[in-house]
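As structure tokens, the structure follows; a few thoughts come after it.
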Amino acid sequence: MTEDAVFRLNDLRPGGEFLEPVNVSVKPGQFVLWVIDNPNLYSLMWELVLGLAEPADGRIFWFNEPKPSESAQWEQSAFLSRLGWVAKNSRLLSSRTLLNNLTLYFEYTLGWPTGEAEARGLKWLERAGLSDKAHILGENIPAALQPIALLVQALAREPKLFFLDRPKFLFEADFSLAWELLSELKSGGLALVIFDYSPEPWALELAAQELALITS
């Protein structure tokens with residue numbers, strides 16, 4: 001495992017019936033497709049990489065450090081500001097505007113002034129061609145635009161490590177735009193890990209994007 005990796009699993013044993021150790025290393029700027037064909041292992045690994053569960057054995061490192069303690073609020077906020085994700089079941093808050101969906105994290109978790117948070121949100125909405133939807137409630141955002149809106153919400157953090165969960169819904173919505181937004185951050189060192197059970201036709205397009213492949 002290299003020390004410059006932004007995400008590492010060292011001899012990780014997820015738990016339960018999954019006894020084989022998992023070793024993974026992802027470097028800055030690397031895009032990875034991780035295929036986990038066992039649905040039970042998939043669900044457990046997704047919780048582990050987001051720090052929502054503890055492994056039976058082994059270690060997980062984000063940015064060369066284990067997850068900070070829940071009591072260290074400032075450290076936790078700094079840690080989360082470098083991490084982004086979109087899960088298949090992610091949803092916009094229906095009673096908040098699209099812009100407010102983007103700014104809540106900056107205002108209430110990081111304590112940014114409202115103007116600064118809105119400037120960041122509007123910058124990313126403009127990049128995705130969604131600036132005209134900024135003041136529309138989440139429940140009124142057209143279904144066809146919801147996947148890209150969720151991606152923009154997460155990318156507005158400008159993270160260094162990004163996880164995508166079964167992103168068929170995202171790439172089939174607008175592959176070129178989704179990939180353009182992700183690639184824009186890749187040049188700045190973004191590491192992307194895409195999780196899926198068994199890639200479908202959308203993955204054929206990904207295959208041309210120089211992704212590393214991991215199977216479990």
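The values are calculated or read from the model by the stated rules, or taken from the named source; none is laboratory data. Everything numeric in this text was worked out from a predicted model, so none of it was measured. Positions of Cβ are backbone-derived with ideal geometry, glycine not excepted, and every protein chain shown enters the neighbour counts. Just so you know, the surface numbers come from the protein's heavy atoms only, side chains and all, with ligands and any DNA or RNA stripped out. Shrake-Rupley method; radii C 1.70, N 1.55, O 1.52, S 1.80 Å.
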* Boolean, Leu98 is under 20 Å from the mean Cα position of the chain (by Cα) and either at pLDDT 95 or above or open to solvent by 60 Å² or more (accessible area, probe 1.4 Å) (or both) -> yes
* To do: Identify the single condition in (1) in a loop (DSSP other than H, G, I, E, B); (2) of a type outside the set (S, T, N, Q); (3) crowded, with 18+ Cβ neighbours inside 10 Å that Lys88 does not satisfy, given that it satisfies every other one.
  => (3)
* Provide a single number: the residues in the range 165-176 that are open to solvent by less than 50 Å² (accessible area, probe 1.4 Å) and over 21 Å from Leu130 (Cα atoms). => 1
* Are any residues in the range 1-20 modelled with pLDDT under 85 and either open to solvent by 20 Å² or more (accessible area, probe 1.4 Å) or on the phi > 0 side of the Ramachandran plot (or both), and if so, which ones? -> Met1, Thr2, Glu3, Asp4, Arg13, Gly15, Gly16, Glu17, Phe18, Leu19, Glu20
* Which fully enclosed strands (runs of 3 or more DSSP E) of the range 140-216 have 3 or more residues being modelled with pLDDT of 90 or more and closer than 24 Å to Trp62 by Cα? -> 161-165, 191-196
* Does Gly51 satisfy the criteria of being at positive phi, within 14 Å of the chain's Cα centre (by Cα) and either of a type in the set (Lys, Arg) or modelled with pLDDT under 85 (or both)? -> yes
* List every residue pair whose Cβ atoms lie under 7 Å apart, where the two residues are 6 or more positions apart in sequence or sit on different chains, the first residue falls within the range 110-132 and is farther than 13 Å from Leu155 by Cα and assigned to a helix (DSSP H, G or I), and the second residue, located anywhere, is among the aromatic types (Phe, Trp, Tyr) and open to solvent by less than 60 Å² (accessible area, probe 1.4 Å). => Ala117/Phe106
* Restricting to the range 30-67, what's the tally of residues that are assigned to a loop (DSSP other than H, G, I, E, B), open to solvent by 20 Å² or more (accessible area, probe 1.4 Å) and closer than 26 Å to Glu158 by Cα? -> 8
* Asked: Which of the residues belonging to the range 123-151 are open to solvent by 50 Å² or more (accessible area, probe 1.4 Å) and either closer than 18 Å to Gly84 by Cβ or among the hydroxyl-bearing types (Ser, Thr, Tyr) (or both)?
  -> Lys123, Arg127, Ser131
